[in-house]
Each structure stands twice: as C-alpha cells, then as structure tokens.
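Take a look at the structure below.
The values are calculated or read from the model by the stated rules, or taken from the named source; none is laboratory data. A quick note: this is a predicted structure, and the numbers were derived from the prediction, not measured. Don't worry about glycine lacking a Cβ; one is built from the backbone with ideal geometry, like all the others, and counts go over all protein chains shown. Accessible surface areas use protein heavy atoms only, side chains included; no ligands, DNA or RNA. Shrake-Rupley method; radii C 1.70, N 1.55, O 1.52, S 1.80 Å.
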Amino acid sequence: PKNVNMWVAGIDFYSRFLRSREKAVGVLNQLAADRSFAPQQRAFMLAELYRQLGMPDETRKHYLKAAVSSWKCDDLLSMQVLVRVAAYYQHESPQFAVSVARQVIAAQPENAENTAAAIADVKANAKLTLANLLIDAGDPASLDEAETILNAGFSRADGLEPLPVIRTRIRYLYQRGTPRDLDQAIEVSEGILTKTSDDLRMTARVYEKREH
C-alpha cells in the first residue's frame, strides 16, 4: 500500500488484536523494504513502529536517519520529528539529545507565519526536553540554564503552568536540593490534585531527601 495509515493499521492488527508479533514484524519489514516514501517520512515512521514493537536496535537506527533528514529544521515537520528524536535519546544518549533539542529551539523555519502557533508549541516541547536533560546532568551550570528555561514561562491561556512543566520544576528543585528548594518542591507537588504513581514516588523522594 502507498497509504501510511494502511501499513500502520496492518501492524496494529497483528500486534494488538491477533497478538502475533511475528506477523507484525513481517509487515513492518515489508514496509522497510518499500522505497516509495520520502526518506524523512520513511525513517520516522519506521522508528516509531519499531519502537512500538520493542526493537531497540532498529528504532535507534531509524531515529538517527530521521534526525539526519530533518536536521536543517526548515519546516514544522522537521522540528516535530527532531523533538521526538530528542525525547527518545534523552536516556539513550543525553548529549545527542541536548544537541537535537537545541537545534529545534534555534530553528527559523520557512513560512513560519502560517504555522506560528504550532512552531511555538514544538519549541516549548524542545525547551522542556532540554530542561529535563540539564536537570539530569546536575552540574551547577546545567541547573542554572534549566532554571532560566523554566522561568522563561510556559503558562497556558489561563495563566497556569502545564503539568509537564510543574513536574519538571519539582525535579529541578529536588536536584538542586537546598532545604528551601525541597520545601518548595513539596509545596508545588501538593498542588497536583490528581497524582500519578510517578508523582507519588517523586514526592516521597523529596520528603526522604529533606529528612536527611
């Protein structure tokens, strides 16, 4: 098929409904051999699908190909692809993920006036990914830059910060780790009304660090 959705539907059908990973991989390998798609689209699509099927080597290979074909960041799609690549490599290769996130943040795509809102959203995602990477690095310079990013503002129309930003802020305060930071992290955490299991674990870590 020349329609991407038909390939995805076929892979989903075998992997999720028939629970036949072997057949799903077979369909995906057929797609990998199809050269009718544009290189960027093909690489990104394969990376996403190999990731879905839990095939890390193929996932890494195709995310790298997607990054190479998108690196100029001269349109919205390239920026969106690179944000996904950065998120994937956040734990696989943090230094590479930092480079990818910075590339998106610095991008000046063509015809930006037609997609200004979408570009702003993608750049916000890249900044949040970069902030998390800098927090993971944990050195003073990285934490200072993470603080600058977080303080630059991610507010929604209602003036409130989105939950992903709040969670990143808690991680930042925990990583910096002064008594005042930990008190503030607890205060921010208590403001999350519906906590996930990850939120509860993070809150417990903050309390434990404050007690020591």
> For the chain, what % of the accessible area comes from carbon and sulfur atoms, probe 1.4 Å?
Replying inline: 53 percent
>> Restricting to DSSP H runs of at least four residues, report the calculated mean residue ellipticity at 222 nm for the chain, -39500 (n - 2.57) per run over all residues, nearest 500 deg cm²/dmol.
In response: -23500 deg cm²/dmol
>> Placing one identical point scatterer on every Cα of the range 84-150 and ignoring solvent, what is log10 I(q)/I(0) from the Debye formula at q = 0.12, 0.14, 0.15, 0.18 Å⁻¹?
In response: -0.31, -0.41, -0.47, -0.64
> In a solvent-free Debye calculation with one equal scatterer on each Cα, what is log10 I(q)/I(0) for the chain at q = 0.13, 0.14 Å⁻¹, listed in the order of the q values?
Replying inline: -0.87, -0.96
> Given a cut-off of under 8 Å on Cα pairs at least six residues apart, what relative contact order in percent is computed for the chain?
Replying inline: 10 percent
> Counting every Cα pair in the range 115-202, what percent are over 14 Å apart?
Replying inline: 66 percent
> How would you order 90-98, 164-172, 66-74, 196-204 from highest to lowest mean count of nearby Cβ atoms within 10 Å?
Replying inline: 164-172, 66-74, 90-98, 196-204
